[in-house]
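Heads up: the structure comes next, in structure tokens.
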Amino acid sequence: MNHELKEIEEAILAGQSALQALDEVEKSLSSASSWGLWDLFGGGFLSSIMKHSRIDEAQNKMEYATRQIERFNKEIGEVQSFKGIQISFDGVIKGMDYFLDNFIVDFMVQQQVNKRKEQVIELKREIQSAVNQLHDAKNSYKGHVF
């Protein structure tokens, strides 16, 4: 196998790993958003706990996703670079959400969760586009007869 073709395939695999890791982050944020809606409409302390548990889970998964994105960046070289997203939430708001547990704080947290989720979705779109370009390059490379 040609060295360049092998590099393209490695980059595709790295991109797919980054996408899978971001899928997991998105799932955790979706769950946090669902619990957040429940909390917003009177879910109480338990829904706050579950929401923040899913937020923490998303933060942990984003750390792994960031490493996968860094690996993808190394594989694609200087062509394009992707950055991870901060999923962290203000500790003050988290404390207020537990102790005040009112509509305004719940709404603020819900807005943050939804914003992070949209950022993850956009990053996935960008990486998927790059992976698609790599597939195109691989297919056109294979089509050449030497």
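The values are calculated or read from the model by the stated rules, or taken from the named source; none is laboratory data. Note that the structure is a prediction, hence the values are computed from the model and not measured. Cβ coordinates were reconstructed from backbone atoms using ideal geometry, including for glycine residues, and neighbour counts include every protein chain displayed.
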Name every residue in the range 41-56 that is in contact with an Asp or Glu (Cβ under 9 Å, 6 or more places away or on another chain) and either buried (at least 16 other Cβ atoms within 10 Å of the Cβ) or assigned to a loop (DSSP other than H, G, I, E, B) (or both), in order of residue number.
Phe41, Gly43, Gly44, Ser47, Ser48, Met50, Lys51, His52
Which residue out of Val113, Val105, Val92 is modelled with pLDDT under 90, farther than 30 Å from Lys6 by Cβ, buried (at least 18 other Cβ atoms within 10 Å of the Cβ) and among the hydrophobic types (A, V, I, L, M, F, W, C)?
Val105
Of all residues in the range 1-30, which are over 17 Å from Thr66 (Cβ atoms) and either in contact with a strand residue (DSSP E or B) (Cβ under 6 Å, 6 or more places away or on another chain) or among the aliphatic types (A, V, I, L, M) (or both)?
Met1, Leu5, Ile8, Ala11, Ile12, Leu13
Might you check whether a residue that is out of contact with any strand residue (DSSP E or B) (no Cβ under 8 Å at 6 or more places or on another chain), surrounded by 12 or more Cβ atoms within 10 Å (Cβ to Cβ), at pLDDT 90 or above and under 23 Å from Glu24 (Cα atoms) occurs anywhere in the range 71-85?
yes
Criterion first (under 16 Å from Gln112 (Cβ atoms), out of contact with any helix residue (DSSP H, G or I) (no Cβ under 6 Å at 6 or more places or on another chain) and part of a helix (DSSP H, G or I)) does Ser34 satisfy it?
yes
